[in-house]
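Visitor: Following this message is one structure expressed as structure tokens.
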Amino acid sequence: MGQSVSSAKLTSRRDCNHSQRSYSKSAVLISPMKTEEAEVIDELSDFISDLPDECLACVFQSLTPADRKRCSLVCRRWLRIEGQSRHRLSLNAQSDLHPLIPSIFSRFDAVTKLALKCDRRSVGIGDEALALISERCRNLTRLKLRACRDLTDAGMLAFAKNCRGLKKLSCGSCTFGAKGMNAVLDNCPALEELSVKRLRGIIDGAAAEPIGPGLAAASLKTICLKELYNGQCFGPLIIGARNLRSLKLFRCSGDWDKLFPLIMDQVTSIIEIHMERIQVSDVGLEAISNSLNLEILHLVKTPVCTNAGLGAVAEKCKLLRKLHIDGWKANRIGDHGLIAVAKSCSNLQELVLIGVNPTKLSLEMLASNCQNLERLALCGSDTVGDAEICCIALKCIALKKLCIKSCPISDHGMEALASGCPNLVKVKVKKCRGVTQEGADWLRANRGSLSVNLDMGEHLDVTANDGVVQDNGDGIPPVVAGQIGAPGIASSSTARSTSFKLSGLLGGRSFMACTLRRLASSNGSSRS
């Protein structure tokens, strides 16, 4: 009996792996019991231990950070491989991190991307800790500093001397100044991306020390400045960055009209400019128009810019692909500027208009001349109604994504999309009171492949979730139900005033929702 059982097991094992079990036949004939024990042990063998370290490292790199931590607790080998294969590390940069730096970077000795973040209420690491980190991570290519307020210019100098291969630096809410920034620019010739936000050490006014250009100016491709009191002290760096591709300025004080002509005379490779809430006018836009390779332009809340400046950019920058304009309801950019874009920028693929009031005239020109327009967003426009949407549906053949927010459109405009825009794949409608759920459902039914996302607004979500508008017999005031369920609004100003009134009436959303649910449940129980 023992031999027959062992022979059956031997046959199955031979079928699975004949080359590794060729010796088992003689073992069965001599000692069947030992063979069975050997097979049980073989079934429980750890094949993962036979994997080379390189293969195991590849597995770890495809896991989430939490799973990597769990895997590092399995055994000493996994702990070692996980540490040696980790290239990205984020640390809580409080002062008590300093004594732990040698042990941390003895384990993680291959880190190339490091983030040091500190709580605003805590004491952060100092210059000695940063210098010690730079000695342990000489191959560092990316560094992110957040709220490290105890770092000074001396610490940045020591770091820059040790990490000369740095390619990307991002610092926010730090207190070192122009000398520390210049130390990085002078000692890191491979720097490609620089992002600076709220650098407190920069002195505001004429006494501010200029930053740049340094050795890094030749390799810099992206400069992003955010919320700086005196962002213009980076002027020498921007002017000296001859290979700069992207320039982003967010809420940086100063008169940029004086600096843009100097920048554009020296830097001709810029393809992206992003300006948000900075002091710039048509003078600056005319200087920007000299960048003939410009492809992406963001004008966000720059109320002094007008149609003339936008027209100057459109006339010369014929390669423009993406245009974002937030007019901030200033009504300085409208049909004239957009018509200039339509006439000159035939390669336009993405257009976002916020707080701008285009009419059918300019939209028809854009749709007819910009045959590659794939993404269009119209937000907060008082003049975009059903007629404009019908024009878009008829003319925009290449359109794939359409976003409409806070515009006076109705279900009639949605119906036009059912037969127009043959390449349309996604429509997002938000806070357009004239569009009902029935209209969105009808559009979905007639274009099954179209994704329709309808957001009717916060005050409408309460009624939709609780289902109280349909039945006024549950003690709901009929006036409120009538206001919420109004299908169409004559003008956008009326829509805004009505929405403000409703938001005041139904401001306590959770309170109203709970109250309405209680009323509905109590009435249901009384009827039963």
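Visitor: For the ranges 284-291, 270-277, what's the packing order if you count other beta-carbon atoms within 10 Å of each residue, average per peptide, and put the highest first?
Guide: The peptides rank, most packed first, as 284-291, 270-277.
Visitor: In whole angstrom, how far apart do the alpha carbon centroids of the range 69-88 and the range 337-394 sit?
Guide: A separation of 54 Å, based on Cα centres.
Visitor: When the distances between all Cα atoms of the range 401-448 are binned every 10 Å from zero, what whole-number percent does each bin get?
Guide: 26, 64, 10
Visitor: Give me the one-decimal nm value for the distance between modelled label points at Asn453 and Arg76, 7 Å along each residue's Cα-to-Cβ direction.
Guide: Label-label distance for Asn453 and Arg76, simple model: 5.2 nm.
Visitor: Let me ask you something else. Can you order the peptides 129-141, 170-182 by their average number of other Cβ atoms within 10 Å per residue, highest first?
Guide: Listed from highest to lowest mean packing, they are 170-182, 129-141.
Visitor: So if I take the centroid of the Cα atoms in the range 169-224 and the same for the range 271-328, what is the distance between those two points in Å?
Guide: The distance from the Cα centre of the range 169-224 to that of the range 271-328 comes to 25 Å.
Visitor: Report the net charge of residues surrounding Asp96, where surrounding means a beta-carbon distance below 15 angstrom and charges are Lys +1, Arg +1, Asp -1, Glu -1. Can you show the working numbers first?
Guide: Working: positive: Lys117, Arg121; negative: Asp119, Glu128, Asp150.
Net charge around Asp96: -1.
Visitor: Taking 0.36 nm per intervening residue step and subtracting the Cα-Cα distance, what contour gain separates His336 from Asp50 on full extension? Could you put the intermediate results ahead of the total?
Guide: Values: separation 286, 0.36 × 286 = 102.96 nm, distance 7.06 nm.
Length difference between fully extended and current span is 95.9 nm.
Visitor: Next up: So between Leu319 and Asp109, what do we pick up on full extension, going 0.36 nm a residue minus the alpha carbon distance? Display every interim value, and only then the final one.
Guide: On the way: separation 210, 0.36 × 210 = 75.60 nm, distance 4.54 nm.
Stretched out fully, the Leu319 to Asp109 stretch lengthens by 71.1 nm.
Visitor: Could you sort the peptides 405-411, 188-194 by per-residue average Cβ neighbour count (10 Å cutoff), highest mean leading?
Guide: Result, highest mean first: 405-411, 188-194.
Visitor: Grab the Cα-Cα distance for Arg149 and Glu135, subtract it from 0.36 nm times how many residues apart they are, and report the gain in nm with one decimal.
Guide: Answer, rounded to one decimal: 2.9 nm.
Visitor: Let me know the shape class of the range 171-284, please: from the alpha-carbon gyration tensor, a ≥ b ≥ c as square roots of the eigenvalues, rounded when a/c is under 1.5, otherwise prolate if a/b is greater than b/c, or oblate. Walk me through the numbers before you get to the answer.
Guide: On the way: a/c = 1.55, a/b = 1.06, b/c = 1.46.
Oblate, since a/c reaches 1.5 and b/c is not below a/b.
Every number in this text was worked out from the coordinates using simple rules, so none of it is lab data. None of these values were measured; they are calculated from a predicted model. Counting neighbours? That spans all protein chains shown, and the Cβs are built from the backbone with ideal geometry, glycine included.
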